[in-house]
Amino acid sequence: MDPVRIAIVGLRNIGKGHLRRAVACDQAVVTAVVDTDPERREQAQAEFAIPRAYADAAEAFADPAVDAVVLAVPNHLHAPLSIAALEAGKHVLVEKPMACTAAEAEAMLAARDRTGRHLLIGMNQRFSSRGYRELLASGAIGTFQYGRCRWNRRRPHVALWARGDWFCDRKRSGGGPLADIGVHKLDQLLFVLGWPRVERVSAVIGMGVGARCGQARGRNYGVEDFATVQLRLEGGGVIVCEAAYFLNQSEEEYQDMVCYGTLGGCATANPEAWTVADDESVVPLALPDVTGLSATPVEHLVAVIQGREEAMCTPEQGVDMQRILDAAYRSADQGCEVAVPQAVLA
Ligand SMILES: NC(=O)c1ccc[n+]([C@@H]2O[C@H](COP(=O)([O-])OP(=O)(O)OC[C@H]3O[C@@H](n4cnc5c(N)ncnc54)[C@H](O)[C@@H]3O)[C@@H](O)[C@H]2O)c1
(Lines give C-alpha, C1' and ligand atoms only; values in the text may rest on other atoms or scores of the structure.)
Protein backbone atom coordinates (compact mmCIF):
# COMPACT_ATOMS: atom_id res chain seq x y z
CA MET A 1 0.00 0.00 0.00
CA ASP A 2 1.36 3.43 -0.95
CA PRO A 3 2.12 5.71 2.00
CA VAL A 4 -0.18 8.73 2.36
CA ARG A 5 1.61 11.99 1.52
CA ILE A 6 0.74 14.62 4.10
CA ALA A 7 1.14 18.38 4.49
CA ILE A 8 0.90 19.83 7.99
CA VAL A 9 -0.57 23.35 8.02
CA GLY A 10 0.10 25.32 11.23
CA LEU A 11 3.29 24.42 13.09
CA ARG A 12 3.05 25.89 16.53
CA ASN A 13 1.34 24.10 19.39
CA ILE A 14 -0.75 21.12 18.26
CA GLY A 15 0.60 21.27 14.70
CA LYS A 16 4.06 20.30 15.92
CA GLY A 17 2.52 17.30 17.68
CA HIS A 18 0.76 16.23 14.47
CA LEU A 19 4.02 16.66 12.55
CA ARG A 20 5.92 14.40 14.96
CA ARG A 21 3.21 11.74 14.81
CA ALA A 22 2.97 11.88 11.03
CA VAL A 23 6.75 11.54 10.71
CA ALA A 24 6.64 8.53 13.05
CA CYS A 25 3.75 6.87 11.16
CA ASP A 26 5.08 4.13 8.87
CA GLN A 27 2.14 4.48 6.46
CA ALA A 28 2.64 8.25 6.01
CA VAL A 29 5.25 10.56 4.59
CA VAL A 30 5.25 14.29 5.29
CA THR A 31 5.95 15.99 1.98
CA ALA A 32 5.27 19.59 3.03
CA VAL A 33 4.93 21.90 6.01
CA VAL A 34 3.07 25.20 5.94
CA ASP A 35 3.05 28.20 8.24
CA THR A 36 2.78 31.93 7.68
CA ASP A 37 5.55 32.32 10.25
CA PRO A 38 8.93 31.81 8.51
CA GLU A 39 10.79 30.77 11.65
CA ARG A 40 8.36 27.99 12.52
CA ARG A 41 8.29 26.86 8.92
CA GLU A 42 12.06 26.71 8.55
CA GLN A 43 12.57 25.11 11.93
CA ALA A 44 10.04 22.34 11.22
CA GLN A 45 11.43 21.72 7.75
CA ALA A 46 14.99 21.48 9.03
CA GLU A 47 14.22 19.36 12.13
CA PHE A 48 12.33 16.69 10.17
CA ALA A 49 13.99 17.06 6.74
CA ILE A 50 10.69 17.84 5.01
CA PRO A 51 11.08 18.32 1.22
CA ARG A 52 8.92 21.46 0.87
CA ALA A 53 7.87 24.37 3.06
CA TYR A 54 5.19 26.86 2.05
CA ALA A 55 4.05 30.20 3.44
CA ASP A 56 0.65 29.94 1.80
CA ALA A 57 -1.59 26.92 2.34
CA ALA A 58 -2.89 27.28 -1.24
CA GLU A 59 0.55 26.14 -2.46
CA ALA A 60 0.26 22.90 -0.51
CA PHE A 61 -3.29 22.39 -1.80
CA ALA A 62 -1.96 22.74 -5.36
CA ASP A 63 0.97 20.38 -4.76
CA PRO A 64 0.47 17.03 -6.56
CA ALA A 65 2.82 15.40 -4.02
CA VAL A 66 0.24 16.00 -1.23
CA ASP A 67 -2.69 13.59 -0.71
CA ALA A 68 -3.95 14.92 2.61
CA VAL A 69 -3.61 18.01 4.78
CA VAL A 70 -3.73 18.41 8.55
CA LEU A 71 -5.11 21.83 9.49
CA ALA A 72 -3.78 23.01 12.87
CA VAL A 73 -4.59 26.68 12.45
CA PRO A 74 -6.78 29.18 14.35
CA ASN A 75 -10.47 28.21 14.38
CA HIS A 76 -11.70 30.93 12.00
CA LEU A 77 -9.49 29.39 9.28
CA HIS A 78 -10.91 25.87 9.65
CA ALA A 79 -13.83 26.40 7.25
CA PRO A 80 -12.09 28.35 4.44
CA LEU A 81 -8.95 26.19 4.44
CA SER A 82 -10.86 22.88 4.71
CA ILE A 83 -13.12 23.82 1.83
CA ALA A 84 -10.20 25.00 -0.32
CA ALA A 85 -8.24 21.80 0.38
CA LEU A 86 -11.22 19.54 -0.35
CA GLU A 87 -11.93 21.44 -3.58
CA ALA A 88 -8.29 20.87 -4.56
CA GLY A 89 -8.85 17.12 -4.13
CA LYS A 90 -7.06 16.69 -0.78
CA HIS A 91 -8.29 14.69 2.21
CA VAL A 92 -8.51 16.81 5.36
CA LEU A 93 -8.00 16.35 9.08
CA VAL A 94 -9.07 19.60 10.71
CA GLU A 95 -8.55 20.45 14.35
CA LYS A 96 -11.37 21.03 16.83
CA PRO A 97 -13.75 22.75 17.13
CA MET A 98 -14.78 21.96 13.56
CA ALA A 99 -15.54 25.64 12.88
CA CYS A 100 -16.69 28.85 14.57
CA THR A 101 -20.39 28.38 13.73
CA ALA A 102 -22.75 25.64 12.58
CA ALA A 103 -23.19 27.47 9.25
CA GLU A 104 -19.44 27.18 8.59
CA ALA A 105 -19.45 23.50 9.62
CA GLU A 106 -22.38 22.80 7.30
CA ALA A 107 -20.48 24.41 4.40
CA MET A 108 -17.51 22.13 5.16
CA LEU A 109 -19.76 19.07 5.19
CA ALA A 110 -21.26 20.13 1.84
CA ALA A 111 -17.72 20.45 0.41
CA ARG A 112 -16.92 16.94 1.66
CA ASP A 113 -20.05 15.62 -0.08
CA ARG A 114 -19.28 17.53 -3.28
CA THR A 115 -15.69 16.36 -3.53
CA GLY A 116 -15.92 12.82 -2.15
CA ARG A 117 -12.73 13.35 -0.14
CA HIS A 118 -12.41 12.43 3.55
CA LEU A 119 -12.96 15.16 6.15
CA LEU A 120 -12.16 14.19 9.74
CA ILE A 121 -12.26 16.27 12.92
CA GLY A 122 -9.39 16.14 15.44
CA MET A 123 -11.35 14.92 18.47
CA ASN A 124 -8.38 13.18 20.03
CA GLN A 125 -10.06 12.20 23.34
CA ARG A 126 -12.12 9.62 21.48
CA PHE A 127 -9.05 7.47 20.92
CA SER A 128 -8.76 6.57 24.60
CA SER A 129 -12.55 6.35 25.08
CA ARG A 130 -13.42 3.42 22.84
CA GLY A 131 -13.48 0.95 25.77
CA TYR A 132 -16.11 3.05 27.57
CA ARG A 133 -18.17 3.19 24.42
CA GLU A 134 -18.13 -0.63 24.11
CA LEU A 135 -18.98 -1.03 27.78
CA LEU A 136 -22.04 1.20 27.49
CA ALA A 137 -23.12 -0.45 24.24
CA SER A 138 -23.01 -3.83 26.04
CA GLY A 139 -25.68 -2.62 28.50
CA ALA A 140 -23.42 -3.31 31.49
CA ILE A 141 -24.33 -0.08 33.30
CA GLY A 142 -27.97 -0.14 32.18
CA THR A 143 -29.81 2.76 30.58
CA PHE A 144 -28.01 6.09 30.67
CA GLN A 145 -29.48 8.56 33.14
CA TYR A 146 -26.98 11.29 33.94
CA GLY A 147 -23.50 12.33 32.85
CA ARG A 148 -21.10 15.05 33.83
CA CYS A 149 -18.01 16.23 31.99
CA ARG A 150 -15.65 19.02 32.95
CA TRP A 151 -12.40 20.69 31.95
CA ASN A 152 -11.64 23.57 34.26
CA ARG A 153 -8.53 25.72 34.62
CA ARG A 154 -7.59 28.04 37.45
CA ARG A 155 -7.21 31.81 37.21
CA PRO A 156 -4.98 33.35 35.93
CA HIS A 157 -4.36 30.41 33.55
CA VAL A 158 -0.81 31.53 32.79
CA ALA A 159 -0.48 29.21 29.79
CA LEU A 160 -3.33 31.01 28.02
CA TRP A 161 -1.32 34.20 27.62
CA ALA A 162 1.49 32.26 25.94
CA ARG A 163 -0.89 30.82 23.33
CA GLY A 164 -2.04 32.49 20.10
CA ASP A 165 -4.02 35.66 20.92
CA TRP A 166 -6.87 34.46 18.71
CA PHE A 167 -8.00 32.09 21.51
CA CYS A 168 -9.32 35.13 23.43
CA ASP A 169 -11.07 36.72 20.44
CA ARG A 170 -14.57 35.34 19.90
CA LYS A 171 -14.57 36.21 16.17
CA ARG A 172 -11.48 34.09 15.52
CA SER A 173 -12.10 31.34 18.11
CA GLY A 174 -15.88 30.93 17.95
CA GLY A 175 -15.97 30.93 21.75
CA GLY A 176 -13.93 30.59 24.92
CA PRO A 177 -13.31 27.56 27.12
CA LEU A 178 -16.59 25.91 26.12
CA ALA A 179 -15.63 25.87 22.42
CA ASP A 180 -11.96 25.15 23.13
CA ILE A 181 -11.81 22.52 25.88
CA GLY A 182 -15.44 21.89 26.87
CA VAL A 183 -15.93 20.64 23.31
CA HIS A 184 -13.45 17.81 23.98
CA LYS A 185 -15.28 16.59 27.08
CA LEU A 186 -18.73 16.90 25.58
CA ASP A 187 -17.59 15.11 22.44
CA GLN A 188 -16.02 12.36 24.57
CA LEU A 189 -19.22 11.83 26.56
CA LEU A 190 -21.53 11.89 23.53
CA PHE A 191 -19.16 9.51 21.75
CA VAL A 192 -19.18 7.11 24.71
CA LEU A 193 -23.00 7.27 24.74
CA GLY A 194 -23.19 6.33 21.04
CA TRP A 195 -23.97 9.90 19.90
CA PRO A 196 -27.54 10.45 21.19
CA ARG A 197 -29.49 13.42 19.89
CA VAL A 198 -29.26 16.50 22.11
CA GLU A 199 -32.69 18.15 22.06
CA ARG A 200 -32.35 21.20 24.30
CA VAL A 201 -29.60 23.08 26.09
CA SER A 202 -29.52 25.59 28.88
CA ALA A 203 -26.25 27.44 29.44
CA VAL A 204 -24.82 30.07 31.73
CA ILE A 205 -21.52 31.77 31.04
CA GLY A 206 -19.45 33.97 33.34
CA MET A 207 -17.47 36.99 32.16
CA GLY A 208 -15.27 39.60 33.76
CA VAL A 209 -12.36 37.91 35.54
CA GLY A 210 -10.47 37.05 32.34
CA ALA A 211 -10.99 40.55 30.96
CA ARG A 212 -9.48 42.05 34.14
CA CYS A 213 -6.52 39.62 34.04
CA GLY A 214 -6.03 40.48 30.36
CA GLN A 215 -6.12 44.20 31.01
CA ALA A 216 -3.36 43.81 33.60
CA ARG A 217 -1.23 42.20 30.84
CA GLY A 218 -2.24 44.59 28.08
CA ARG A 219 -4.19 41.78 26.38
CA ASN A 220 -7.77 41.66 25.13
CA TYR A 221 -9.94 38.90 26.55
CA GLY A 222 -13.31 38.74 24.80
CA VAL A 223 -14.62 35.25 25.59
CA GLU A 224 -16.27 33.66 28.62
CA ASP A 225 -14.39 32.87 31.87
CA PHE A 226 -16.44 29.73 32.34
CA ALA A 227 -19.53 28.02 30.97
CA THR A 228 -21.89 25.49 32.46
CA VAL A 229 -24.33 23.77 30.12
CA GLN A 230 -27.21 21.38 30.81
CA LEU A 231 -28.14 19.19 27.84
CA ARG A 232 -31.36 17.20 27.59
CA LEU A 233 -31.14 14.08 25.44
CA GLU A 234 -33.86 12.63 23.25
CA GLY A 235 -35.52 9.75 25.07
CA GLY A 236 -34.33 10.94 28.50
CA GLY A 237 -31.01 11.44 30.15
CA VAL A 238 -29.21 14.64 31.00
CA ILE A 239 -25.62 15.87 30.76
CA VAL A 240 -23.94 18.73 32.57
CA CYS A 241 -20.79 20.10 30.94
CA GLU A 242 -18.45 22.62 32.55
CA ALA A 243 -15.49 24.40 31.01
CA ALA A 244 -13.40 27.22 32.43
CA TYR A 245 -10.21 29.21 31.95
CA PHE A 246 -10.66 31.43 35.00
CA LEU A 247 -12.12 29.62 38.02
CA ASN A 248 -10.65 30.42 41.43
CA GLN A 249 -10.31 26.70 42.12
CA SER A 250 -7.64 25.03 44.24
CA GLU A 251 -6.38 22.75 41.42
CA GLU A 252 -4.42 24.29 38.56
CA GLU A 253 -6.47 22.23 36.12
CA TYR A 254 -8.67 19.15 36.04
CA GLN A 255 -10.78 17.30 33.57
CA ASP A 256 -13.11 14.38 34.05
CA MET A 257 -16.10 12.53 32.70
CA VAL A 258 -18.62 10.38 34.54
CA CYS A 259 -21.72 8.52 33.35
CA TYR A 260 -24.45 7.02 35.51
CA GLY A 261 -26.84 4.37 34.24
CA THR A 262 -29.67 2.44 35.84
CA LEU A 263 -27.28 -0.35 36.94
CA GLY A 264 -23.90 1.29 37.42
CA GLY A 265 -21.53 3.89 36.09
CA CYS A 266 -18.23 4.65 34.46
CA ALA A 267 -15.72 7.45 34.88
CA THR A 268 -12.29 8.62 33.84
CA ALA A 269 -11.15 7.92 37.42
CA ASN A 270 -10.82 4.85 39.61
CA PRO A 271 -12.72 2.63 39.41
CA GLU A 272 -13.31 3.21 35.74
CA ALA A 273 -16.55 1.26 35.65
CA TRP A 274 -18.79 -0.41 38.18
CA THR A 275 -22.23 -1.68 39.03
CA VAL A 276 -23.99 -1.12 42.33
CA ALA A 277 -25.51 -4.28 43.81
CA ASP A 278 -28.75 -4.37 45.78
CA ASP A 279 -26.76 -4.55 49.04
CA GLU A 280 -25.08 -1.26 47.90
CA SER A 281 -21.72 -2.91 47.31
CA VAL A 282 -19.81 -1.43 44.38
CA VAL A 283 -18.62 -4.11 41.97
CA PRO A 284 -15.82 -3.00 39.59
CA LEU A 285 -16.25 -3.82 35.91
CA ALA A 286 -13.37 -4.29 33.48
CA LEU A 287 -13.33 -1.92 30.53
CA PRO A 288 -13.28 -3.78 27.19
CA ASP A 289 -9.78 -3.85 25.73
CA VAL A 290 -9.95 -2.02 22.40
CA THR A 291 -6.62 -2.64 20.71
CA GLY A 292 -5.29 -2.80 17.20
CA LEU A 293 -6.79 0.51 16.08
CA SER A 294 -4.95 3.75 15.49
CA ALA A 295 -4.15 5.80 18.57
CA THR A 296 -3.92 9.33 17.16
CA PRO A 297 -5.91 11.47 14.70
CA VAL A 298 -3.09 11.44 12.12
CA GLU A 299 -2.71 7.64 12.20
CA HIS A 300 -6.49 7.40 11.94
CA LEU A 301 -6.57 9.76 8.93
CA VAL A 302 -4.02 7.56 7.17
CA ALA A 303 -5.91 4.37 8.06
CA VAL A 304 -9.19 5.84 6.77
CA ILE A 305 -7.62 6.97 3.50
CA GLN A 306 -6.07 3.51 3.02
CA GLY A 307 -9.44 1.88 3.78
CA ARG A 308 -8.19 0.11 6.92
CA GLU A 309 -10.53 1.92 9.36
CA GLU A 310 -13.99 3.44 9.31
CA ALA A 311 -14.02 7.21 9.91
CA MET A 312 -14.55 7.79 13.63
CA CYS A 313 -14.63 11.60 14.03
CA THR A 314 -17.07 12.43 11.26
CA PRO A 315 -18.02 15.88 9.99
CA GLU A 316 -21.69 14.97 10.47
CA GLN A 317 -20.99 14.76 14.20
CA GLY A 318 -18.86 17.90 13.93
CA VAL A 319 -21.91 19.73 12.57
CA ASP A 320 -24.05 18.36 15.41
CA MET A 321 -21.47 19.62 17.91
CA GLN A 322 -21.34 23.08 16.33
CA ARG A 323 -25.13 23.26 16.56
CA ILE A 324 -24.93 22.37 20.24
CA LEU A 325 -22.24 25.00 20.86
CA ASP A 326 -24.17 27.66 18.94
CA ALA A 327 -27.31 26.77 20.92
CA ALA A 328 -25.41 26.93 24.21
CA TYR A 329 -24.08 30.44 23.50
CA ARG A 330 -27.57 31.48 22.32
CA SER A 331 -29.08 30.10 25.53
CA ALA A 332 -26.55 32.02 27.62
CA ASP A 333 -27.28 35.23 25.70
CA GLN A 334 -31.06 34.80 26.00
CA GLY A 335 -31.09 33.48 29.59
CA CYS A 336 -33.33 30.51 28.76
CA GLU A 337 -33.28 26.92 27.51
CA VAL A 338 -33.16 26.64 23.71
CA ALA A 339 -33.78 23.85 21.18
CA VAL A 340 -30.85 22.40 19.22
CA PRO A 341 -31.59 22.14 15.47
CA GLN A 342 -32.13 18.61 14.15
CA ALA A 343 -29.04 16.45 14.12
CA VAL A 344 -27.35 15.21 10.94
CA LEU A 345 -27.14 11.42 10.81
CA ALA A 346 -23.57 10.19 11.25
N1 LIG B 1 -6.88 18.49 19.83
C2 LIG B 1 -6.24 19.16 20.78
O3 LIG B 1 -5.95 18.63 21.85
C4 LIG B 1 -5.83 20.58 20.52
C5 LIG B 1 -4.90 21.21 21.36
C6 LIG B 1 -4.53 22.52 21.06
C7 LIG B 1 -5.10 23.18 19.97
N8 LIG B 1 -6.02 22.54 19.19
C9 LIG B 1 -6.63 23.20 18.03
O10 LIG B 1 -5.63 23.26 17.02
C11 LIG B 1 -5.73 24.49 16.29
C12 LIG B 1 -4.43 25.26 16.43
O13 LIG B 1 -4.20 25.51 17.79
P14 LIG B 1 -2.74 25.89 18.33
O15 LIG B 1 -2.83 25.91 19.81
O16 LIG B 1 -1.74 25.03 17.67
O17 LIG B 1 -2.68 27.39 17.77
P18 LIG B 1 -1.39 28.32 17.65
O19 LIG B 1 -1.90 29.71 17.56
O20 LIG B 1 -0.40 27.96 18.71
O21 LIG B 1 -0.74 27.88 16.25
C22 LIG B 1 -1.35 28.16 15.03
C23 LIG B 1 -0.30 28.16 13.92
O24 LIG B 1 -0.96 28.41 12.68
C25 LIG B 1 -0.19 29.34 11.93
N26 LIG B 1 -1.07 30.00 10.98
C27 LIG B 1 -1.97 30.98 11.22
N28 LIG B 1 -2.60 31.32 10.07
C29 LIG B 1 -2.11 30.51 9.11
C30 LIG B 1 -2.37 30.37 7.72
N31 LIG B 1 -3.28 31.12 7.08
N32 LIG B 1 -1.66 29.44 7.02
C33 LIG B 1 -0.72 28.68 7.65
N34 LIG B 1 -0.43 28.78 8.96
C35 LIG B 1 -1.12 29.68 9.68
C36 LIG B 1 0.38 30.28 12.98
O37 LIG B 1 1.50 31.00 12.50
C38 LIG B 1 0.74 29.26 14.08
O39 LIG B 1 2.05 28.76 13.89
C40 LIG B 1 -6.94 25.21 16.88
O41 LIG B 1 -8.07 24.90 16.12
C42 LIG B 1 -7.08 24.62 18.27
O43 LIG B 1 -8.41 24.66 18.76
C44 LIG B 1 -6.36 21.25 19.45
Legend entry - Residue satisfying all of: in the range 1-48; charged (D, E, K, R), near the ligand (Cβ under 9 Å from one of its atoms) and part of a loop (DSSP other than H, G, I, E, B); surrounded by the fewest Cβ atoms within 10 Å (Cβ to Cβ) among these: D37
Legend entry - Tally of residues being more than 16 Å from the ligand (Cβ to nearest atom) and surrounded by fewer than 20 Cβ atoms within 10 Å (Cβ to Cβ) across the range 118-132: 3
Legend entry - Candidates D256, D326 - the one that is surrounded by 22 or more Cβ atoms within 10 Å (Cβ to Cβ) and outside any loop (DSSP other than H, G, I, E, B): D326
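Residues are listed down the side, and each one gets a yes or a no for (1) under 28 Å from R20 (Cβ atoms); (2) within 19 Å of the chain's Cα centre (by Cα):
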position	(1), (2)
V302	yes, yes
G307	yes, no
E316	no, yes
D320	no, yes
R323	no, yes
Inset, instruction - For A295, state whether it is small (G, A, S), in contact with a helix residue (DSSP H, G or I) (Cβ under 7 Å, 6 or more places away or on another chain) and buried (at least 20 other Cβ atoms within 10 Å of the Cβ). - result: no
Inset, instruction - Write out, first by first residue and then by second, each pair whose Cβ atoms fall under 9 Å of each other, whose residues are 6+ apart or on separate chains, and whose first residue, in the range 214-226, is under 20 Å from Q255 (Cα atoms) while the second is surrounded by fewer than 14 Cβ atoms within 10 Å (Cβ to Cβ). - result: D225/G208
Legend entry - Enumeration of residues in the range 150-194 that are within 10 Å of the ligand (Cβ to nearest atom) and of a type in the set (G, A, S): A162, G164, S173, G174, A179
Inset, instruction - Evaluate the following for E280: is it modelled with pLDDT under 95 and closer than 23 Å to F144 by Cα? - result: yes
Legend entry - Qualifying residues in the range 58-105 (those that are among the small types (G, A, S) and assigned to a loop (DSSP other than H, G, I, E, B)) - the one nearest to P341 (Cα to Cα): A99
Legend entry - Which numbered condition T101 misses (of (1) under 17 Å from P297 (Cβ atoms); (2) within 16 Å of the ligand (Cβ to nearest atom); (3) touching a Leu at 6+ places or on another chain (Cβ under 9 Å)): (1)
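The values are calculated or read from the model by the stated rules, or taken from the named source; none is laboratory data. The shown structure was predicted, so the numbers you read here are calculated from the model rather than taken from an experiment. Positions of Cβ are generated from backbone atoms using ideal geometry, with glycine treated the same way; all protein chains shown enter the neighbour counts.
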